[in-house]
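To start, the structure under review is shown below, and the notes come after it.
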Amino acid sequence: MHQGKTPETLSEELRRRGMSRRTFLKFCAAVASSMALPATMAPVMAEALAKARRQSVIWLSFQECTGCVESLTRSYAPSLESLIFDFISLDYQHALQAAAGHQAEAAREAAMKEHWGKYLVIVDGSIPLKDGGVYSTVAGETNLDTLRHVAEGAAALISVGTCAAYGGLPKAHPNPTGAAAVTDIIKDKPVINVPGCPPIPEVMTGVIANFLTFGRLPDMDHLNRPIAFFGDTIHDRCYRRPFYRRGQFAKRFDDEGARNGWCLYELGCKGPVVHNACATTKWNQNLTFPIQSGHGCIGCSEPDFWDKGSFYAPLSTGRWGSAEGIAAAAVVGTTVGIGSAMLSRARQSDIIKKG
């Protein structure tokens, strides 16, 4: 936090830290690309960010496993994940801050007072509502009371991870603590969901950069997710989709189809009904994602994914939607694939005859 002087602009801050303009522009270009913005937006984003002040962020951790924090902070410099922390002032976060006890809570209150109406609130973990929320407290205050108190002066809230976005695993049946999502409680502030168990780090980068650049959260879908990252299903962008269209499915994780990279639909992959950026943004510095590693998508970025279960059963036998609709989609995919293959062979035969 800055006290007693005017905070530096991001341009001044980054220059002081030794970051070159070229690196800064590359960062903006990468963020613009990840958000499906045209290349012309990169310099616009750079100009806006350069004039901005470091954004005050208060990060609240509730019923969670710290997996979201681990995901978002395990970075290798210089990376998008590490660069973004040069753009924000993380004024409160249990796992990362040096202060503890009363000092930590005092730091949170001081940040709220100094940046009232302007700070961002990041929440990971669900909020217990049963019995007044007594099942999760910090400094003698329930998560429910803390969220309401901190959200009062926030400019916007970001729900990080499936627990904060939908209730996640704590909300799974029988939900003994009455776990709820942020949007179940906060109704008078902009809230964006970045689900995943855990979420992808670069998605957070894009959401925060969008807020700093345009002064608002990015466009969202009906579940309050950023469309730039959650607009397509994993199946839409999956590199194994051609095998789906040809009706080539692995039957076991160790059969010939699995070894040849065939579609994992019949092994329980939920990609056709799950919206996330795993197939494009990927994980581990854009290196891989679960399907690329040989395991089907389990749908962790969708509501109630744990209760829907059936991780190793085809969609048509589970609770992920209309069994008839999903089964029909599989049949269509197989039929179209077979038809395309037959048409291709017919054309090749015709070319040979004409030759």
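The values are calculated or read from the model by the stated rules, or taken from the named source; none is laboratory data. Note that the structure is predicted; figures quoted are calculated from it, not measured. FYI the Cβ positions are ideal-geometry reconstructions off the backbone, even for glycines, and counts take in every protein chain you see. Side chains included, ligands, DNA and RNA excluded: accessible areas come from the protein's heavy atoms. Shrake-Rupley method; radii C 1.70, N 1.55, O 1.52, S 1.80 Å.
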Using θ = phi - 60° and Karplus 6.51 cos²θ - 1.76 cosθ + 1.60, couplings along the stretch 18-23 (whole Hz; Gly, Pro as x)
x, 7, 6, 5, 4, 5
Determine the principal axes of the Cα atoms in the stretch 201-267, then give the extent along each, sorted from largest to smallest and rounded to whole angstroms.
51, 22, 17
Counting only residues 5 or more apart in sequence or on a different chain, those whose built amide H sits under 5 Å from that of Tyr119 are Ala155
Sort His115, His149 by accessible area with a 1.4 Å probe, largest first.
His149, His115
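Show Thr40, Thr73, Thr280 ordered by accessible area, largest first, where the area counts protein heavy atoms only and the probe is 1.4 Å.
Working: Thr40 100, Thr73 50, Thr280 75 Å².
Per-residue accessible area, sorted high to low, gives Thr40, Thr280, Thr73.
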Could you work out Rg/(2.2 N^0.38 Å) for the stretch 54-229, with Rg from alpha carbons only?
0.96
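Place the peptides 117-123, 128-134 in order of packing, highest mean first, counting for every residue the other Cβ atoms within 10 Å and averaging per peptide. Write out the running numbers ahead of the final one.
Working: 117-123: 21.3, 128-134: 15.9.
Averaged packing, sorted descending, gives the order 117-123, 128-134.
Order Leu169, Leu267 by their accessible area, 1.4 angstrom probe, all chains in place, largest first.
Numbers: Leu169 95, Leu267 20 Å².
Putting Leu169, Leu267 in descending order of accessible area: Leu169, Leu267.
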